[in-house]
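The values are calculated or read from the model by the stated rules, or taken from the named source; none is laboratory data. Owing to the predicted nature of the structure, the values given are computational and were not obtained by experimental measurement. All Cβ positions, glycine included, derive from the backbone under ideal geometry; neighbour counts span all protein chains shown. These accessible areas exclude ligands, DNA and RNA; they are computed on the full protein's heavy atoms, side chains included. Shrake-Rupley method; radii C 1.70, N 1.55, O 1.52, S 1.80 Å.
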Amino acid sequence: MADPASAPLDATAKKIIELLQTDGRSSYASIGKAVGLSEAAVRNRVQKLSESGLMQIVAVTDPLKLGFARQAMIGIRCVGDTQALADRLAEHREIDYVLLTAGSFDILIEVVCEDDDHLLDILNKKVRSNPEVVGTETLVYLKLVKQQYNWGTR
């Protein structure tokens with residue numbers, strides 16, 4: 001059986017996703033008016049899109065306003081099974097983004113920390129302590145200029 005998340009989306013599903021990317025708090029009724037479906041039909045579609053793993057509806061917060069004064073991207077060079085290391089790193093709460101990459105780094109992770117001591121603790125105890133890690137480079141965020149999630153669909 002085909003994976004529902006990889007099935008092509010129809011135009012209505014794409015429009016629903018695009019509307020929710022613009023405003024995740026849009027009501028099913030207002031989305032229904034925009035796409036020509038009933039409120040119940042939109043609710044059903046959104047539920048299926050969510051259950052398939054194709055879409056999440058989440059609250060995006062400002063880490064600074066929540067007491068997380070330091071964010072950073074950490075590039076990791078490693079040996080061995082990069083997937084296994086990435087999976088272990090993904091288990092840590094402070095690591096909010098894990099990517100397997102090609103190029104200078106094998107893995108990129110994003111961390112949200114309370115302060116520089118917290119960042120150092122993550123680097124030493126949760127990243128560099130893994131024997132597969134042969135090097136890291138930390139890019140400290142100075143200012144978030146743009147962050148958006150409304151890239152649409154194809």
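Brief remarks on what is shown
- Number of positions in segment 41-68 that are more than 30 Å from Asp116 (Cα to Cα) and either in contact with a helix residue (DSSP H, G or I) (Cβ under 6 Å, 6 or more places away or on another chain) or in contact (Cβ under 8 Å) with a residue 12 or more places away in the chain (or both): 11
- Filter result for the condition that a residue is under 17 Å from the mean Cα position of the chain (by Cα) and more than 22 Å from Thr138 (Cβ to Cβ), over Val58, Val46, Val42, Val35: Val58
- Applying a threshold of 6 Å to beta carbon distances and a minimum spacing of six or more residues, or different chains, the list of pairs starting in segment 107-132 at a residue that is under 19 Å from Arg77 (Cβ atoms) and ending at one that is part of a helix (DSSP H, G or I) and of a type in the set (Gly, Ala, Ser) reads Ile107/Ala86.
- Selection of segment 85-106 for residues being among the small types (Gly, Ala, Ser) and touching a residue at least 24 places away in the same chain (Cβ under 8 Å) yields only Ser104.
- Residue match in segment 138-149 (condition: in a loop (DSSP other than H, G, I, E, B), modelled with pLDDT under 95, exposed (fewer than 12 other Cβ atoms within 10 Å of the Cβ) and hydroxyl-bearing (Ser, Thr, Tyr)): yes
- Among the candidates Ala7, Ala29, the residue that is more than 25 Å from Gln148 (Cβ to Cβ) and at pLDDT 95 or above is uniquely Ala29.
- Just one residue in the set Ala69, Ala34 is of a type outside the set (Asp, Glu) and modelled with pLDDT under 95; that residue is Ala69.
- Number of positions in segment 91-108 that are open to solvent by less than 80 Å² (accessible area, probe 1.4 Å), assigned to a strand (DSSP E or B) and in contact with a helix residue (DSSP H, G or I) (Cβ under 6 Å, 6 or more places away or on another chain): 3
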